[in-house]
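The values are calculated or read from the model by the stated rules, or taken from the named source; none is laboratory data. If you're wondering where the values come from, they're calculated on a predicted model, not measured in any experiment. Cβ: placed from backbone, ideal geometry, glycine included. Neighbour counts: every protein chain shown.
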Amino acid sequence: MKLNPPDAADPARWKHVAASLLGVPQGRIYHIKPLKRSIDARNKVVFRLKAEIFIGEHIPFSEKIAKSSYPDVSRRPQVIIIGAGPAGLFAALTLIENGLRPVIIERGKDVKARKYDISLLNRGEKLNPDSNYCFGEGGAGTYSDGKLYTRASKRGDVSGVLRTLVEHGASEDILIDAHPHIGTDRLPGIIASMRRTITEAGGDFFFNRRVSALSISKGKIKGVTDHLGNEYQADSVILATGHSARDVYEMLVSYNLTLESKPFALGIRVEHPQQLIDKIQYRMDDRGEHIPAATYSLVTQAEGRGVFSFCMCPGGIIVPAATSEGETVVNGMSNSRRNSPFANSGIAVAIEPADWQQFNSAGAFAALELQRDLETRAWEAAGRSFKAPAQRMTDFLKNKVSSSLPECSYNPGLLSQPLHELLPAFVAHRLKIAFRDFDQKMKGFLTEEAVLTGFESRTSSPVRIPRDENTLCHPQLEGLFPCGEGAGYAGGIVSSAMDGQRCALVIAGRYKSKQAL
Ligand SMILES: Cc1cc2nc3c(=O)[nH]c(=O)nc-3n(C[C@H](O)[C@H](O)[C@H](O)COP(=O)(O)OP(=O)(O)OC[C@H]3O[C@@H](n4cnc5c(N)ncnc54)[C@H](O)[C@@H]3O)c2cc1C
């Protein structure tokens, strides 16, 4: 069905539209089951709804979503999960489904207490190195836009992940929207509900515990120790610590475990007035209440490298995403209504081995050092404060420091700085090519109203923790399962969740085959 925006927003109107499309009396349509909803702004803005229509029959019981039931695992063998991000939480639920008891150790606070540290950070007052936008219950995806699309659909059951989120409080809209998102106002409640499911089934959570050592015997993992000296024992440990736990990478190296530098991406976060993006994408001044804030997705090639928009947050805000003082990192988030007056997005250049090799030696941390160097430069440029260095897009192209900056959503504040000089030359140069190209694709994208903030450096992990393709264990340490974004096997909430499920299923398979022996 092609629906105008007010009709799309009102399921009661769908029957009317369906009846006239199908030429049946409206009273004969008992039920409409939406399957997919997308927005089409190529001409006049309309919604396209794919639905199953029940004419003269009720929806069969089997079509209704059955709620998952989780068995009591309190007396079952335990598996340690380090990190309560999407990878860790979904691994925990899958372990329970398969009769194993997850013990989750998380360096940060529970999702509610974490909010306090995030507000201090937003006010530019203090950064807690264990509780911030990346660390704490729910992981990096909690205080985010909660976009749930992934290109990794072949790697797992995307709809299963979405259904689990709905069971824990997300809107059913995410099951049908072409580009589903949850919003930062809703995510904490969903994460807390997932924790309740896990603890009610007999799983355990330990917050404010940073894993700092491994217990290893004869090449096999036997458990872990946290920074307070508490010991936890298990033969299987899922390491799902995210892309910002640099101390975890260092800990692994201290046990002579191999790590590898990995391609990632670096750039800036750009912010435009949302109204301008709406005007470009929808060709209208006022989108009204039924049309969502417009998004964009841009990609180009600049001198042999991909440059792309990343984690676009319509109606969102730019946030400070560093994990320790002495570095400045920006990222974006938005609430479920996406109703701030700003649109922000990362614009990042793909970083490949040749880039870090010219910058540094070719060790496991060479790519990470390139990332860290840029973050430190941004911190220095911001006067060693939580402000972000910034520049108008038009001035960036002219290599000119901005004499004034437009209003911006970044709460700790901006400081006008020459981003064109702070960025590595090969990144700045390609960004300039990309901005001109994006302006061809979206007329008006290149404008003095657009402000660039520095830097978008935590796009994905610059380190890979190797694992065997079949056993999913680190090749040098039996029982250690590197998992999720920090290990280099996912990028985003859904793909990390699916990687968590995958590791859990492999572990469950091992226990089942042991029992069969
Ligand atoms: C501001 C922001 C917005 C984002 N928006 C989106 C979005 O809209 N959509 C999307 O798909 N992705 C988004 N992302 C990316 C997404 O959050 C990540 O891809 C995803 O969370 C990775 O999941 P993970 O479980 O692998 O790791 P993480 O979510 O990073 O979780 C790792 C967890 O491990 C814990 N940990 C680290 N070290 C230790 C230790 N030594 N001991 C114990 N615990 C430890 C951390 O505290 C953390 O909770 C966003 C990220 C940020 C920062």
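May I ask you to verify whether G383 is in a loop (DSSP other than H, G, I, E, B) and either farther than 20 Å from H272 by Cβ or assigned by TED's automatic domain parsing to the domain that holds K115 (or both)? Break it down into steps so the answer makes sense when it comes.
Numbers: in a loop (DSSP other than H, G, I, E, B): yes; either farther than 20 Å from H272 by Cβ or assigned by TED's automatic domain parsing to the domain that holds K115 (or both): yes.
Against the criterion (in a loop (DSSP other than H, G, I, E, B) and either farther than 20 Å from H272 by Cβ or assigned by TED's automatic domain parsing to the domain that holds K115 (or both)), G383 qualifies.
Can you work out which of the residues in the stretch 55-70 that are surrounded by 12 or more Cβ atoms within 10 Å (Cβ to Cβ) and touching an Asp or Glu at 6+ places or on another chain (Cβ under 9 Å) is modelled with the lowest pLDDT? It would help to see each step written out before you state the result.
Initial filter on the stretch 55-70 (surrounded by 12 or more Cβ atoms within 10 Å (Cβ to Cβ)): 55, 59, 68, 70.
Subsequent filtering for residues that are touching an Asp or Glu at 6+ places or on another chain (Cβ under 9 Å) retains 59, 68, 70.
Working: I59: 80, S68: 84, Y70: 96.
In this case the residue turns out to be I59.
Which one of these does R209 not meet: (1) of a type outside the set (S, T, N, Q); (2) near the ligand (Cβ under 9 Å from one of its atoms); (3) closer than 30 Å to I291 by Cα?
R209 satisfies all of (1) of a type outside the set (S, T, N, Q); (2) near the ligand (Cβ under 9 Å from one of its atoms); (3) closer than 30 Å to I291 by Cα except (3).
Report yes if some residue within the stretch 84-105 is more than 30 Å from K514 (Cα to Cα) and either within 11 Å of the ligand (Cβ to nearest atom) or not assigned by TED's automatic domain parsing to the domain that holds G316 (or both); otherwise report no. Before the answer, list the steps.
Applying the first criterion (more than 30 Å from K514 (Cα to Cα)) to the stretch 84-105 yields none.
Checked the stretch 84-105: no residue is more than 30 Å from K514 (Cα to Cα) and either within 11 Å of the ligand (Cβ to nearest atom) or not assigned by TED's automatic domain parsing to the domain that holds G316 (or both).
So T258 fits all but one of (1) β-branched (V, I, T); (2) within 21 Å of the chain's Cα centre (by Cα); (3) more than 16 Å from I82 (Cβ to Cβ); what number is the exception?
It fails just one condition, (2).
Do we find that N230 is surrounded by fewer than 18 Cβ atoms within 10 Å (Cβ to Cβ), of a type outside the set (A, V, I, L, M) and either away from the ligand (no atom under 14 Å from the Cβ) or under 27 Å from the mean Cα position of the chain (by Cα) (or both) in this structure?
No, not satisfied.
At pLDDT 95 or above, basic (K, R) and assigned by TED's automatic domain parsing to the domain that holds V451 - does that describe any residue in the stretch 240-253? Please lay out each step first, then the result.
Going residue by residue through the stretch 240-253, those that are at pLDDT 95 or above are 240-253.
Subsequent filtering for residues that are basic (K, R) retains 246.
From what is left, the residues that are assigned by TED's automatic domain parsing to the domain that holds V451 are none.
No, the stretch 240-253 contains no residue that is at pLDDT 95 or above, basic (K, R) and assigned by TED's automatic domain parsing to the domain that holds V451.
Is it the case, given these coordinates, that H243 is of a type outside the set (S, T, N, Q) and under 26 Å from S460 (Cβ atoms)? I'd like the intermediate steps shown before the answer.
Numbers: of a type outside the set (S, T, N, Q): yes; under 26 Å from S460 (Cβ atoms): yes.
Spelling it out, H243 is indeed of a type outside the set (S, T, N, Q) and under 26 Å from S460 (Cβ atoms).
With the structure loaded, tell me whether E327 is in contact (Cβ under 8 Å) with a residue 40 or more places away in the chain, in contact with a Phe, Trp or Tyr (Cβ under 7 Å, 6 or more places away or on another chain) and not in a loop (DSSP other than H, G, I, E, B) or whether it fails that test. Spell out the reasoning first.
Values: in contact (Cβ under 8 Å) with a residue 40 or more places away in the chain: yes; in contact with a Phe, Trp or Tyr (Cβ under 7 Å, 6 or more places away or on another chain): yes; not in a loop (DSSP other than H, G, I, E, B): no.
So E327 fails the test.
Of the conditions (1) closer than 24 Å to Q281 by Cβ; (2) outside any strand (DSSP E or B); (3) at pLDDT 95 or above, R337 fails just one. Which one is it?
It is condition (3) that R337 fails.
For (1) part of a loop (DSSP other than H, G, I, E, B); (2) over 26 Å from the mean Cα position of the chain (by Cα); (3) modelled with pLDDT of 95 or more, each residue gets a yes or a no:
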| position | (1), (2), (3) |
| --- | --- |
| R48 | no, yes, yes |
| D72 | yes, yes, yes |
| G88 | no, no, yes |
| V103 | no, no, yes |
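Is there any pair with a first residue in the stretch 265-282 that is in the same structural domain as V307 (by TED's automatic domain parsing) and a second that is assigned to a helix (DSSP H, G or I) and hydrophobic (A, V, I, L, M, F, W, C) whose Cβ atoms are under 8 Å apart and which are 6 or more apart or on different chains, and what are they?
L266/L370; L266/L374; L266/V427; G267/V427; G267/L431; I268/L419; I268/L431; V270/M393
Can you name every residue in the stretch 340-364 that is assigned to a loop (DSSP other than H, G, I, E, B) and within 16 Å of the ligand (Cβ to nearest atom)?
Across the stretch 340-364, the qualifying residue is only S340.
Can you list residue pairs whose Cβ atoms sit under 7 Å apart, with the first residue in the stretch 211-235 being aromatic (F, W, Y) and the second being modelled with pLDDT of 95 or more and within 11 Å of the ligand (Cβ to nearest atom)? Count only pairs 6 or more apart in sequence or on different chains.
Once the first residue is aromatic (F, W, Y) and sits in the stretch 211-235, its partners that are modelled with pLDDT of 95 or more and within 11 Å of the ligand (Cβ to nearest atom) give Y232/I80; Y232/I105; Y232/V224.
Being part of a loop (DSSP other than H, G, I, E, B) and without any contact (Cβ under 8 Å) to a residue 24 or more places away in the chain is the filter here, so list the residues in the stretch 25-46 that pass it. Please lay out each step first, then the result.
Restricting attention to the stretch 25-46, the residues satisfying the condition of being part of a loop (DSSP other than H, G, I, E, B) are 25, 41-45.
Residues satisfying the conditions are P25, R42, N43, K44.
Checking the condition touching a residue at least 12 places away in the same chain (Cβ under 8 Å) and buried (at least 24 other Cβ atoms within 10 Å of the Cβ), which residue from N344, N335, N339 passes? If you could, list the steps in order and put the result at the bottom.
Working: N335 fails: buried (at least 24 other Cβ atoms within 10 Å of the Cβ); N339 fails: buried (at least 24 other Cβ atoms within 10 Å of the Cβ).
On inspection, the qualifying residue turns out to be N344.
Find the residue count for the stretch 431-444, including only residues that are buried (at least 22 other Cβ atoms within 10 Å of the Cβ) and either in contact with a helix residue (DSSP H, G or I) (Cβ under 7 Å, 6 or more places away or on another chain) or not assigned by TED's automatic domain parsing to the domain that holds E407 (or both).
Qualifying residue count, the stretch 431-444: 1.
Hey, any hits in the stretch 290-311 for a residue that's under 23 Å from the mean Cα position of the chain (by Cα), within 16 Å of the ligand (Cβ to nearest atom) and free of Cβ contacts under 8 Å to residues at least 24 places away in the same chain?
yes
If I filter the stretch 167-184 for residues that are at positive phi and either within 11 Å of the ligand (Cβ to nearest atom) or under 18 Å from the mean Cα position of the chain (by Cα) (or both), do I get at least one hit? Spell out how you get there, then give the answer.
Taking the stretch 167-184 and keeping what is at positive phi, we get 169, 183.
With either within 11 Å of the ligand (Cβ to nearest atom) or under 18 Å from the mean Cα position of the chain (by Cα) (or both) added as a condition, the list becomes 183.
Yes, the stretch 167-184 contains a residue that is at positive phi and either within 11 Å of the ligand (Cβ to nearest atom) or under 18 Å from the mean Cα position of the chain (by Cα) (or both).
Enumerate the strands (runs of 3 or more DSSP E) found wholly within the stretch 400-517, keeping only those where 1 or more residues are within 16 Å of the ligand (Cβ to nearest atom) and in contact (Cβ under 8 Å) with a residue 40 or more places away in the chain. If you could, list the steps in order and put the result at the bottom.
Details: elements: 414-416, 451-456, 480-482.
It comes to 451-456, 480-482.
Let me spell it out: the conditions are (1) in a helix (DSSP H, G or I); (2) outside the structural domain of G219 (by TED's automatic domain parsing), and D286 meets all of them except one. Which number is the exception?
(1)
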